[in-house]
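> The structure that follows is given in the form of structure tokens.
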4 protein chains.
Amino acid sequence: MMTDREQAAFEAGIKLGALYHQFVGTPISRETAGSVEAAIESAVALQPFVERIRVRLNRDLMAENVFGYTELSGLMFDVEIVTRVGEAACRAALRAEEGYPMMRVLGYP
Amino acid sequence: MMTDREQAAFEAGIKLGALYHQFVGTPISRETAGSVEAAIESAVALQPFVERIRVRLNRDLMAENVFGYTELSGLMFDVEIVTRVGEAACRAALRAEEGYPMMRVLGYP
Amino acid sequence: MMTDREQAAFEAGIKLGALYHQFVGTPISRETAGSVEAAIESAVALQPFVERIRVRLNRDLMAENVFGYTELSGLMFDVEIVTRVGEAACRAALRAEEGYPMMRVLGYP
Amino acid sequence: MMTDREQAAFEAGIKLGALYHQFVGTPISRETAGSVEAAIESAVALQPFVERIRVRLNRDLMAENVFGYTELSGLMFDVEIVTRVGEAACRAALRAEEGYPMMRVLGYP
């Protein structure tokens, strides 16, 4: 009743929603951003149906507060994921669009 | 290129992944579970493409620790959501299946 | 070796740090803010050594994004807590100070 | 009115409460635990008054679910932190005690 493409899209949505709300709020700076990127990628890669995950966090938005760091916010995310279910793959992204951290299916490669 | 059903499934996945990782770990007890259910429902209902959301948290799993409460864990969730994109609606759930908090598309009502 | 005041301060810190990072990122609007306040208060009140907790979320900062809601951010918090250990009570707060969500001990009432 | 030791204890509490509720729920396995430990340590070290932070996550508790991973749970944490305010340092820990993820001041080194 459900196609593989539909399930692949569902699985991609789960992973993007999950990583966003798991990690938003994490104390971060330009120096530590790489460590947080690695932890997010390793966490997402464990989940079922994930074929590929790439996480970049926008250093340009990491303006320092009075204590010299900031927090991971939604607009910093630049994420691409590929999920696979059977024959279907779904490529999706989380990235800022006009001030909103948009999650979007990019295509079925 | 993407069907409405595919996007509706994607949107349902986003919301289930998001609520899980936003709220897991919240201190909870049988007495406060209703308040947390209401907050989760109100948060999810704000998000785009959500037509209906119902959150129940399994009190039977809320065994008290030495301080008289516990934490919201994945297996406590019993959630149903309906998302709508254009003509397509997607009904999906998050609930325990054989010890795993499974997210699943239930159908296209 | 540790005084009751020191432990009361430690316990207040735990609760403020915990609620901040548990709930930041929650989808919210002026209409749903009351529900989230209630859930946070009920969660914190369960934890050991908490005598009083009051959570207000600043509606003025809840500007709507293109989908008509926003996210709970650190600067929205206006929280006061009283913890008690033995004879000592500690009153502490989380609220915005010069663009930073500051946590501070207010006194020992 | 507040001693340096009291504030150091308050600051230690903040950091332990924060890291717990930021990272609990993260998908994890024995293979990725090191990456998550590094990310938590780098996040905590950014925060004010932190002199030292050491995070170990208990691999023995990382039993695999049907998909071959698990989630970071409170009982997995073994954390020690030293905060410093003026002349006072506070050493505190988060680790399992009798089935509860206990946060405790260990002393003023």
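Each value in this text was obtained by applying a stated rule to the coordinates, not by laboratory testing. None of these values were measured; they are calculated from a predicted model. Backbone-built Cβ (ideal geometry, glycine too); neighbour counts: all protein chains shown.
> Ordered shortest first, which distances in nm separate the 7 Å Cα→C-beta label point of B:E31 from those of the other copies?
Counterpart label points of B:E31 in the remaining copies fall at 3.2, 4.6, 4.6 nm.
> If packing is taken as the average count of other Cβ atoms within 10 Å, what order do B:5-14, B:61-70 fall into, highest mean first?
Working: B:5-14: 27.4, B:61-70: 13.8.
The packing order, highest mean first, is B:5-14, B:61-70.
> For a label point 7 angstrom out from the Cα of A:V66 toward its Cβ, which stretches of the stretch C:50-79 have the backbone nitrogen within less than 11 Å?
What the label zone holds, given the 11 Å backbone N cut-off, is no residue at all.
> Which far-off residues, 5 or more places away or on another chain, put their amide H under 5 Å from the one on C:L72, with H placed in the peptide plane?
Amide H to amide H, under 5 Å and 5 or more residues apart or across chains, C:L72 pairs with C:G25, C:T26, C:I28.
> Per-residue Cβ counts within 10 Å, from other chains only, averaged over B:45-55: what number is that? Write out the running numbers ahead of the final one.
Working: counts 5, 12, 5, 7, 1, 1, 0, 0, 0, 0, 0.
Shielding by partners across B:45-55 averages 3.
> Suppose you put the label 7 Å out from Cα in the Cβ direction; list, shortest first and in nm with one decimal, how far B:E51 is from each other copy's label.
3.0, 5.3, 6.0
> By how many degrees, 0 to 90 and rounded to 10, does the Cα axis of helix D:4-23 deviate from the longest principal axis of chain D?
Rounded to the nearest ten degrees, it is 20.
> Count, for each residue of C:87-99, the Cβ atoms from other chains sitting within 10 Å of its Cβ, then give me the mean as a whole number. Show your work: numbers first, answer last.
Values: counts 0, 1, 0, 4, 0, 3, 0, 1, 0, 0, 1, 2, 2.
Per residue, the number of nearby Cβ atoms from other chains is 1 on average.
> On the rotation axis linking copies A and D, which residue of A comes nearest by its Cβ, and by how many whole Å?
Chain A residue with minimal Cβ-axis distance: A:A39, 2.
> Within the stretch C:1-24, name every residue whose backbone N is under 17 Å away from a label modeled 7 Å from Cα of C:E87 along the Cβ vector.
C:1-9
> Further question: For A:A63, place a label point 7 Å from Cα along the Cα-to-Cβ direction in every copy; what are the distances to the other copies, in nm, shortest first?
1.2, 4.9, 5.0
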